[in-house]
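The values are calculated or read from the model by the stated rules, or taken from the named source; none is laboratory data. Just so you know, these numbers come straight off a predicted model, no measurement behind them. Note that each Cβ is placed from the backbone with ideal geometry, even for glycine, and that neighbours are counted across all protein chains shown.
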Amino acid sequence: MFNTNHDDPCVDRYKRFQRCIPDFINAAYQKPIYTSSTCGTSPKEFCNLNQLNEKQSIDYLTDINNPNNLTCWQSDLLKQGENVSLVLSLNKKFELTYISLQFCGQSKPDSMAIFKSMDMGVTWIPLQYYSNNCGDVFNKSSQAIITRSNEQEALCIDTKSQLSSTSESRIAFSTLEGRPSAYEFDSSPVLQDWVTATDIKIVLLSPNVDMNSYSVADFAVGGRCKCNGHASKCIPNR
């Protein structure tokens, strides 16, 4: 949707439409997140009751995140075999640039997966896997190479440093990094499709030990809403 007001950057003074793209934003900011497990939301045997007075709310996943506002969402304490899902609905198509999670303390998972949906959460497509053992956990090789013939393939990053380092708490996935046609994005329908999503799902896989939990300070998604080329702002689907 667009207007023809003379102040509209997509319309010149003669009311001729100009090519226009929406601003780059953190599409997750202050958006509601569905979580399959949150400490304290219901009585559970495996929630750390001593921490319920701390900030565990789902809202803290997408609030302002800076040194003066250190808030963290936390899952229930988990048994082996239990996974946790975080789902963000964007309510319209976005072109994604990055997806990142900043974990609190040493709560990073041994394995996690990032998925997207292009049909409002009906079906899910993998974007990226992370694991200390890609072969056993995801049946994927950590040595896979992206070429022009498989630019929509999800890689598995098998790096203990990204998932286990105590000095770096953020895991970031760039949608176009390592994709051969990235510098020809405007003429690559394959990559334009690859970065398009209506929903994002993060799956934090089962901890290696019982009675562990995950805690996340920030869930961010950088991108632009996908319009017809003649709009500076997008109206979310209702």
Residue check, Leu90 against (1) at pLDDT below 95; (2) part of a loop (DSSP other than H, G, I, E, B); (3) not basic (Lys, Arg), all met but one. Which one? (2)
Subset tally (residues that are in contact with a helix residue (DSSP H, G or I) (Cβ under 7 Å, 6 or more places away or on another chain) and either crowded, with 21+ Cβ neighbours inside 10 Å or closer than 18 Å to Leu204 by Cα (or both)) for the range 53-73: 2
Which members of the range 145-172 meet the condition of being in contact with a strand residue (DSSP E or B) (Cβ under 7 Å, 6 or more places away or on another chain), at pLDDT 90 or above and not β-branched (Val, Ile, Thr)? Ala154, Leu155, Cys156, Ala172
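Among Gln106, Gln102, which is the only one that is exposed (fewer than 13 other Cβ atoms within 10 Å of the Cβ) and within 20 Å of Tyr214 (Cβ to Cβ)?
Details: Gln102 fails: exposed (fewer than 13 other Cβ atoms within 10 Å of the Cβ).
Criteria check complete, one pass: Gln106.
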Single unsatisfied condition, Phe115 versus (1) surrounded by 18 or more Cβ atoms within 10 Å (Cβ to Cβ); (2) farther than 27 Å from Ala182 by Cα: (2)
